[in-house]
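The numbers here are math on the coordinates, done by the rules we state, and not lab data. Quick caveat, the model's predicted, so the values are computed rather than measured. Ideal geometry is used to build each Cβ from the backbone, glycine not excepted, and the neighbour counts take in all protein chains shown.
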Amino acid sequence: MNLQNPALAEVEARASAMLSVETRIYTERRPKALASTQAGNGFFDGVPMHWMLDWPMPFPMIVDKASGVRLIDIDGNEVVDLCLGDTGAMFGHGPAPILRALEGVAHRGLTTMLPSADADVVASLLVERFGLPRWQIAATASDANRFAIRAARAVTGRRKILVFDGCYHGSVDETLVDLVDGKTLSRASLLGQAVDLGENTISIPFNDEEALRAALASGEVACVLTEPVMTNCGMILPEEGFHDSLRRLTRETGTLLLLDETHTISSGLGGYTAVHGLEPDILVMGKPIGGGIPVSIWGMTADVATRLDKARKARDTSGHSGIGTTLSGSALQLACLRASLEQIVTAETYARMARQADVIDEGLRAAIANCGLPWTVTRVGARLEVVFTDSPVRNAVDARAAASSIVESALHLALLNRGFLVTPFHNMILVAPPLEEHEAQGLVRAYRDVLGELAASKAVA
Ligand SMILES: Cc1ncc(COP(=O)(O)O)c(C=O)c1O
């Protein structure tokens with residue numbers, strides 16, 4: 001029961017009843033997946049990666065085929081995918097340019113730990129598209145963030161990093177912290193945590209200029225690592241002027257600004273940075289940037305590059321830098337990055353995504369208004385979220401107060417049973433370029449139906 005938000009508490013009671021009905025429907029439609037779950041297999045917990053159990057589904061649907069925005073599971077259920085692997089397939093499943101690139105590179109060698117023939121073109125595309133002059137390739141966004149933090153520390157000679165409460169930047173130790181009663185602590189849910197992450201990380205609330213000023217004043221912070229819009233604790237938009245303050249205060253204190261655009265790539269061409277004219281020292285992108293294969297990019301200003309080079313040469317020994325992995329910068333990654341940047345991540349693609357995101361945005365707002373729920377929609381380009389409060393959340397404390405896991409689960413499963421898969425965390429809706437208007441309208445109708453049940457005065461039987 002949500003005691004902080006009494007209006008939500010009534011909806012939660014109805015959500016609980018809805019959840020049991022939808023659980024039964026989901027289960028009846030998936031006998032093969034259920035049998036597989038019950039039989040178990042050689043995977044720990046029965047799945048290749050244990051988060052696959054963290055969806056609000058009673059057991060995971062098992063995907064037979066993903067193409068465009070359609071998923072078909074082994075039980076023959078077809079759904080429209082608006083989760084897109086939580087952004088990994090933001091530009092759709094198996095876009096044709098990536099399939100062609102994969103076919104081509106398969107015959108020329110996947111990985112050699114040497115630059116491949118695509119290297120020069122990819123470097124130019126990165127510089128032109130994202131506005132920073134020097135780039136490196138990694139395998140995942142987690143890796144890119146790890147390397148970028150290490151570079152920031154090498155360049156500044158400082159130990160600490162600053163993140164915002166409610167952040168997620170992948171499996172990067174330094175960032176897996178929470179702000180609890182004013183203290184930065186290792187996240188309570190971590191497994192095998194051996195060191196106190198609060199020693200080197202400062203966590204403060206997003207949109208809090210005073211807290212930022214105070215935290216940076218000592219000059220101990222190597223970099224502020226943030227998403228331009230927080231997307232992992234619900235979506236938290238920056239308040240007017242917050243990015244200006246962030247840039248000014250980081251510059252004044254010699255702190256690097258590291259922007260993680262792994263999710264905000266949804267904003268438009270060049271990410272939130274290009275769309276809003278931000279000036280990061282280091283920029284990270286991952287997940288869909290290479291069309292769904294494991295590749296991420298991190299770019300830096302000329303100043304950071306020069307200082308990093310100096311730091312590297314100043315070491316009195318060569319050997320492991322702690323930056324890079326064997327499979328990073330491979331021919332496979334460069335071929336897919338090239339295809340993606342040349343043919344997929346284009347202004348036309350974003351315009352297409354925006355058209356359907358508009359349809360969903362307007363449709364959901366109307367559906368919410370119709371059923372009288374005090375809720376709203378937050379949007380960052382092609383990424384949308386229904387928030388269970390009518391005023392924008394400013395920080396993670398607000399976002400947590402507005403959240404309800406039971407309502408999220410009921411909504412998730414009810415939408416899935418109506419043919420629409422949204423993200424497992426916060427039910428975000430991601431619009432891929434292949435999404436057609438009739439599918440966007442279909443989602444709106446499904447949402448209207450489910451919201452109607454959640455807002456009704458009587459509990460669902
Ligand atoms: C903002 C952000 N950065 C980094 C990551 C890590 O990405 P990956 O799991 O591909 O390493 C995530 C994952 O959700 C993310 O949301």
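So the values come out like this:
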quantity: Quotient of Cα Rg and 2.2 N^0.38 Å for the chain, N being how many residues it contains; calculated: 0.99
quantity: Euclidean distance between Cα centres, the stretch 32-101 to the stretch 279-313, Å; calculated: 30 Å
quantity: FRET efficiency, 1/(1 + (r/R0)^6) with R0 30 Å, evaluated for Lys313 and His50 via beta carbons; calculated: 0.10
quantity: Sites Ser36 and His438, calculated FRET efficiency, Cβ-Cβ separation with R0 45 Å, nearest 0.05; calculated: 0.90
quantity: The stretch 182-331 - Rg and Dmax from Cα coordinates, angstrom; calculated: 17.0, 47
quantity: Theoretical gain in end-to-end length, Ala194 to Ala456 [0.36 nm per residue, Cα-Cα removed]; calculated: 89.5 nm
quantity: Residues in the stretch 102-137 that a label on Ser321 would reach, taking backbone N under 13 Å of a point 7 Å out along Cα→Cβ; calculated: 134-137
quantity: Cα-centred dipole magnitude for the chain, charges only on beta-carbon of K, R (+1) and D, E (-1), debye, nearest 20; calculated: 860 debye
quantity: Under 12 Å, Cβ to Cβ, from Leu416 - net charge with Lys/Arg +1 and Asp/Glu -1; calculated: -1
quantity: Relative packing of 191-199, 32-40, 15-23, which averages over residues the other C-beta atoms within 10 Å, highest first; calculated: 15-23, 32-40, 191-199
quantity: Computed label-point distance, nm, for sites Glu279 and Ala351 using a 7 Å Cα→Cβ extension; calculated: 3.1 nm
quantity: Computed helical MRE - 222 nm, the chain, DSSP H runs ≥ 4 contributing -39500 (n - 2.57), nearest 500; calculated: -12500 deg cm²/dmol
quantity: ³J(HN,Hα) computed for each position of the stretch 213-223 - Karplus, 6.51 cos²θ - 1.76 cosθ + 1.60, integer Hz, glycine/proline x; calculated: 4, 5, 5, 8, 4, 6, x, 9, 8, 6, 8
quantity: Selected from Asn41, Leu71, Tyr26, residue furthest toward positive end of dipole (the stretch 1-77; charges at beta carbon); calculated: Leu71
quantity: ³J(HN,Hα), Karplus 6.51/-1.76/1.60, whole Hz, each residue of the stretch 199-209, x for Gly, Pro; calculated: 5, 10, 10, 10, 10, 9, x, 5, 6, 10, 5
quantity: GluC sites (Glu not before Pro) restricted to the stretch 364-437 and DSSP loop, no more than 13 other C-beta within 10 Å; calculated: Glu436
quantity: Point-charge dipole on Cβ atoms (K/R +1, D/E -1) for the stretch 240-368, about Cα centre, debye to 20; calculated: 460 debye
quantity: Paramagnetic reach from Glu103 (point 7 Å along Cα→Cβ, amide N under 12 Å) across the stretch 270-290; calculated: none
quantity: Listed residue (Gly109, Pro56, Leu8) projecting farthest to the positive dipole end of the stretch 1-138, Cβ model; calculated: Gly109
quantity: Debye log10 I(q)/I(0) at q = 0.21 Å⁻¹ for the stretch 121-235, Cα point scatterers; calculated: -1.27
quantity: Ordering of 113-120, 7-14 by burial proxy (mean other Cβ atoms within 10 Å per residue, highest first); calculated: 7-14, 113-120
quantity: Which of Leu82, Gln441, Thr273, positive extreme of dipole for the chain (C-beta unit charges); calculated: Thr273
quantity: Alpha-carbon centroids, the stretch 224-262 and the stretch 334-355: separation in whole Å; calculated: 25 Å
quantity: Antiparallel %, DSSP beta bridges [both residues in the chain], to 5; calculated: 65 percent
quantity: For the stretch 160-214, radius of gyration divided by Kirkwood radius, i.e. Rg to Rh on alpha-carbons; calculated: 0.95
quantity: Length released on extending from Ala119 to Ile74, taking residue separation times 0.36 nm less the Cα-Cα span; calculated: 12.3 nm
quantity: Nitroxide proxy distance, nm - points 7 Å out along Cα→Cβ at Gln343 and Asp358; calculated: 2.8 nm
quantity: Shape metrics for the stretch 236-290, restricted to C-alpha atoms - Rg then Dmax, Å; calculated: 11.7, 36
quantity: Charged-residue dipole, Cβ positions (Lys, Arg, Asp, Glu), the stretch 309-461 about Cα centre, Debye nearest 20; calculated: 520 debye
quantity: Cα gyration tensor, the stretch 1-111 - rounded (a/c under 1.5), prolate or oblate; calculated: prolate
quantity: Solvent-free Debye scattering, log10 I(q)/I(0), computed from the Cα coordinates of the stretch 286-381 at q = 0.11, 0.18 Å⁻¹; calculated: -0.62, -0.97
quantity: For the stretch 326-416, convex hull volume per residue from C-alpha positions, Å³; calculated: 178 Å³
quantity: Stretchable slack from Arg365 to Glu209, in nm (0.36 nm times residue separation minus alpha-carbon distance); calculated: 53.1 nm
quantity: Whole-Hz couplings from phi, Karplus 6.51/-1.76/1.60, listed for the stretch 230-241; x for Gly and Pro; calculated: 6, 10, 10, 9, x, 9, 10, 7, x, 6, 3, x
quantity: Under-5 Å amide H pairs with Lys160, H placed in peptide plane, nonlocal only; calculated: Ala222
quantity: Protection proxy ranking of 255-265, 226-236 - average other beta-carbon atoms within 10 Å, highest first; calculated: 255-265, 226-236
